[in-house]
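Working notes, beginning with the structure itself.
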Amino acid sequence: KASDKVLAFEGPEKINSLELETFPYEGPRQRVNYTTREFSAVCPFSGLPDLGTVSIDYVPRNKCVELKSLKYYYLSYRNVGIYQEAVTAKIYKDLFQVLEPYEMKVTVTYQTRGGIDTVCSVSNADQ
C-alpha cells in the first residue's frame, strides 16, 4: 500500500563538495547573494523529493564561488536522502570551508509540505 512505500535514494556521501570551485576576489568589502529556486534533495523518511529555494549570502574575504560549480554541487543533492535541517548545515559547512568569508548565511526555504512551511538557516553570526 502507498503508506508503506519508500522510494530508493542515495546516502549523503554522494554529495560532491569537490565540485565547488572559487576565483580570487580583490574588490572592496561587499555582500554577495546567490539564490536558486531549483534545489532538490530527497526526504529520507518517505523517499519523496524535497524542493526548495537556496539563498547564499556572504561577504567574501578573498574568494568567490564559481556559479557553474555551485550548480553542479547543488545537483549532487538530487537523489540524496537527507533531512532539511542537515541540508542547510551541509551547504553552509562546505561553502564556508571553501570560501573562508568574513560573513555567511545560508537559508533554505522548502516548498510547503503537509500544510507546513519550513525555512532553515545557518549563519556564522549565530555561532
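The values are calculated or read from the model by the stated rules, or taken from the named source; none is laboratory data. Bear in mind that the values here come from a model prediction, so they are computed numbers and not experimental data. All Cβ positions, even for glycine, are placed from backbone atoms using ideal geometry, and neighbour counts span all protein chains on display. Heads up: the accessible areas ignore ligands, DNA and RNA and are worked out on the full protein's heavy atoms, side chains in. Shrake-Rupley method; radii C 1.70, N 1.55, O 1.52, S 1.80 Å.
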| field | Pair list, Cβ < 6 Å and 6+ apart or interchain, from the range 105-122 residues that are farther than 20 Å from Asn33 by Cβ to residues that are open to solvent by 70 Å² or more (accessible area, probe 1.4 Å) and modelled with pLDDT of 90 or more | value | Gln111/Leu51
| message | Being touching a strand residue (DSSP E or B) at 6+ places or on another chain (Cβ under 8 Å), closer than 13 Å to Val108 by Cβ and surrounded by 15 or more Cβ atoms within 10 Å (Cβ to Cβ) is the requirement here; does Tyr83 meet it? | response | no
| remark: Reported set for the range 92-108 where residues are in a strand (DSSP E or B) and under 14 Å from the mean Cα position of the chain (by Cα) is Met104, Lys105, Val106, Thr107, Val108
| query | Which numbered condition trips up Ala125, out of (1) among the small types (Gly, Ala, Ser); (2) open to solvent by less than 60 Å² (accessible area, probe 1.4 Å); (3) part of a helix (DSSP H, G or I)? | reply | (2)
| remark: Selection over the range 77-127 where residues are acidic (Asp, Glu) and at pLDDT 95 or above yields a count of 4
| task | Output the residue which, of all residues in the range 1-56 that are of a type in the set (Ser, Thr, Tyr) and farther than 19 Å from Val108 by Cβ, is surrounded by the fewest Cβ atoms within 10 Å (Cβ to Cβ). | result | Ser3
| task | For the range 109-122, enumerate the residues that are outside any loop (DSSP other than H, G, I, E, B), over 23 Å from Arg61 (Cα atoms) and not polar (S, T, N, Q). | result | Tyr110, Arg113, Ile116, Asp117, Val119, Cys120
